[in-house]
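One structure below.
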Amino acid sequence: MNKIICLKGRANSGKSKTLRNLLALLKSTYPNAIINILIDGSDVQAIIDIGDIKIGIESQGDPNRRLKTSLELFASLDCNIIFCTARTSGMTVEWVNSHAEKYDINFVKQTYSSNIEQQESSNQERAQQLLDLANLIG
């Protein structure tokens, strides 16, 4: 079955930065991947093809933003794995859960530190954990 790996946490806890780190990890780990970055800024939206595996990444998990439409887009493109972010509860979590028929959903808690260096290190470690959870082969 396909999977959604959703990084869940409070506002300004480094969720978007973690997914940007994940994108960088995917680029370095799979140099032959076809990467289509749809939106690039403080938040990123991308579709990545690694062999027969299609991955969607949406780092914008704020209420009333593009998460809902991104999830619909990735599902319509038959992404095997979707990485996204959401708040701790509310509509963003509901949007992710609305795809439970097609996707196994794994919520991963984002850690937060007020120490910037610790947060950066945590974001990098969490990005590696997300990649490990995807169980990609190649």
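Just so you know, all these numbers are worked out from the coordinates, no wet-lab data involved. Source: prediction; values computed, not measured. Neighbour counts are summed over all protein chains in view; Cβ atoms, including those assigned to glycine, are modelled from backbone coordinates with ideal geometry.
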Next item on the list: Would you mind checking which residues have amide H under 5 Å from Ile53's amide H? H placed 1.01 Å from N; only 5 or more apart, or other chain.
Entry: none
Next item on the list: Could you work out the local net charge near Glu125, counting Lys and Arg as +1, Asp and Glu as -1, over the other residues with Cβ closer than 15 Å to its Cβ?
Entry: +2
Note to self: Can you compute the helix-only [θ] at 222 nm over the chain? Use -39500 (n - 2.57) per DSSP H run of at least 4 residues, normalise by all residues, nearest 500 deg cm²/dmol.
What the structure shows: -11500 deg cm²/dmol
Note to self: I need to check one value: relative contact order of the chain, counting alpha carbon pairs closer than 8 Å and at least 6 residues apart, in percent.
What the structure shows: 37 percent
Checklist line | Label-zone membership for the stretch 110-131, site Asp62, 7 angstrom Cα→C-beta point, backbone N under 20 Å | finding: 110-113
Checklist line | Under-5 Å amide H pairs with Val108, H placed in peptide plane, nonlocal only | finding: Cys6, Leu7, Lys8
Checklist line | Relative contact order %, the stretch 14-87, counting alpha carbon pairs below 8 Å whose residues are six or more apart | finding: 28 percent
Item checked: Per-peptide average of other Cβ atoms within 10 Å, ordering 113-121, 84-92, 56-64 highest first -> 56-64, 84-92, 113-121
